[in-house]
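Here's the structure, in C-alpha cells; my notes come after.
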Amino acid sequence: MYKNKKLCIVWDNARWHRSKELRALLGKTKEFSHIRFIWLPPYAPEKNPQEHVWKIGKDAVKNTVTKTFDDLKKIFEDSICSKKFDYKTLGI
C-alpha cells in the first residue's frame, strides 16, 4: 500500500523493534528502504508522542461515569482531537 511513499516511524526501543528479522529488511537496497525510523531513547516515555496523547485522553475520562461506552469514548476522542500536540518542544 505504501511501497512508493516515504514513511517515517517513531519507535521506542522495545526488543521486538530491533529484531534480526526487522534489521534484515532495513538498508538502501532492502524492502524497507523507503522508511525512516526514529528510535526513541530507552526508558524515556516523556519523549514518546503516543504517551502524551494517551495521558490527555486518560485524564479526560478518569473518574467519569457515563451511561454508555460510546459516551465515554466520545469524551476521550474529543479530548485528544481538541488538543494540539507540539512535539518540537520535546526535541522530536
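Structural remarks
- DSSP loop trypsin sites (Lys or Arg not before Pro) with at most 12 other Cβ within 10 Å excluded, longest remaining stretch of the chain: 31-61
- Under 22 Å of direct C-alpha separation, and excluding same-chain neighbours fewer than eight residues apart, K30 reaches these lysines: K3, K5, K6, K20.
- Of all segments of the chain bounded by chymotrypsin sites (Phe, Trp or Tyr not before Pro) found in a DSSP loop with no more than 13 other C-beta atoms within 10 Å, the longest spans 44-84.
- Linear extension gain, E77 paired with H34, 0.36 nm per residue minus alpha-carbon span: 12.3 nm
- Loop-located GluC sites (Glu not before Pro) across region 13-81 with a Cβ neighbour count of 14 or fewer within 10 Å are E31, with loop assigned by DSSP.
- When Rg and Dmax are taken over the Cα atoms of the chain, they come to 17.5, 54 Å.
- Counting charges near P42 (Lys, Arg +1; Asp, Glu -1) among other residues having Cβ under 11 Å from its Cβ returns a value of +2.
Throughout, read-outs are computed from the coordinates displayed, never taken from laboratory work. From a predicted model like this one, the values you see are computed outputs, not experimental measurements. Every residue, glycine as well, gets a Cβ built from its backbone with ideal geometry; the counts of neighbours run over all protein chains shown.
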